[in-house]
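The values are calculated or read from the model by the stated rules, or taken from the named source; none is laboratory data. Since the model is a prediction, treat every value here as computed from it, not as a measurement. Here the Cβ is made from the backbone with ideal geometry for all residues, glycine too, and neighbour counts use every protein chain on show.
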């Protein structure tokens, strides 16, 4: 940083004054004599000058790398080890969708063919269509990036991204994307692994969740915020795990006409071929999730496990629900519901749960969880509820479940009626039931799914019809 004030000019010897004149100026306005600067003030000024000069020198030492071609890279590493430190990378230029999204064309920083790329203290700025910032492509390829800042402004331009089985490890990043379909933490066809620790991740565009996962994504001790889109989207047989994260989602703009609802976390299968069919998962261990508009969770055309363990969940939209498992515009009509294992562990949660007539739910309350809400008020889908000793469910409306396992007095009817397989339950006696074994039809995103208690794995299978348009992450 260059300083042009008088202190810098004095330090550079551009202004020199006789000592007496200097003292007279310093003492202007004093009736009792001259005031000389204290030793402490002088030392502070000298330290400030030295710090500014150090910053300027450091800025001059940074390398600048840029690329303005369509389909090009500013930094590209293939099949070798490389490292960059204190580098400013800029990228303009455009690319077509599939080549960029699947294979990394036009990414500012790109690694492939088993390369290992280490990045520290870099800034990456992109302004182009399909101009992802940092991209790891292919099995055996690893990108490690730390202490860095990423900004993308074009559409379809993610922050950090893996495809084809690549690996990306990120620590203490600041990422801000403003374009549409530009997730901060992004993946696409054939996925990979992304591990993120610390940092801040913000998205402003339509169809730009903070995390779009067709991979295995783990984020710890980070701040995540979306201002127009879902906070997290998981597609197909993939996962997102949040450990002690602060997630805020304000999904207020539609990216597709395939769903009528807004949500903080969406789990689905598009049938586009970008994500393997199978059981998805979303896990939140500690931390906080704040939803500003619509529902907290939405599951469609797939089976999944949702686990909340000691996480604080707040829905600021009083008209939204905690969980909606329902058909939408993806998959084959009549078999494209949501099939959910929902684990509430050490939780205090409220909000209704909606399960439509092509959807199913196995709900588990454990480790002193307290839940308040209405489940399946329309008596549409199949629902099993299991309440571990010490946990409770308080009804806020009439509810309908297919089967129930709980101790006596685990449920507070609160003036409402709970129907278990069509019979009113008085809550004074224990109940013993069985979990639902999910049976998914062709076109539902899976050929099989777990119906047992948490932990089972579903297998791939089923065939979708004509793939609908994918809402890009």
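Residue by residue, here is whether (1) at pLDDT 95 or above; (2) more than 15 Å from residue 129 (Cα to Cα) holds:
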site: 45; (1), (2): no, yes
site: 48; (1), (2): no, yes
site: 59; (1), (2): no, yes
site: 63; (1), (2): yes, yes
site: 78; (1), (2): yes, yes
site: 90; (1), (2): yes, no
site: 95; (1), (2): yes, no
site: 104; (1), (2): yes, no
site: 118; (1), (2): yes, yes
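Restricting the stretch 263-278 to residues that are outside any strand (DSSP E or B) and buried (at least 19 other Cβ atoms within 10 Å of the Cβ) leaves a set whose member that is modelled with the highest pLDDT is 269. Scanning the stretch 151-185 for residues that are in contact (Cβ under 8 Å) with a residue 60 or more places away in the chain and farther than 23 Å from residue 68 by Cβ gives 163, 164, 183. Considering only residues of the stretch 330-357 that are over 23 Å from the mean Cα position of the chain (by Cα) and in contact (Cβ under 8 Å) with a residue 60 or more places away in the chain, which is nearest to residue 246 (Cα to Cα)? Restricting to residues being over 23 Å from the mean Cα position of the chain (by Cα) and in contact (Cβ under 8 Å) with a residue 60 or more places away in the chain, the top hit is 337. Within the stretch 440-450, can one find any residue that is surrounded by 14 or more Cβ atoms within 10 Å (Cβ to Cβ), more than 28 Å from the chain's Cα centre (by Cα) and modelled with pLDDT of 95 or more? The answer is no; no qualifying residue exists.
Restricted to strands (runs of 3 or more DSSP E) entirely inside the stretch 355-429, those with at least 3 residues that are buried (at least 18 other Cβ atoms within 10 Å of the Cβ) and modelled with pLDDT of 95 or more are 360-366, 382-387, 399-401.
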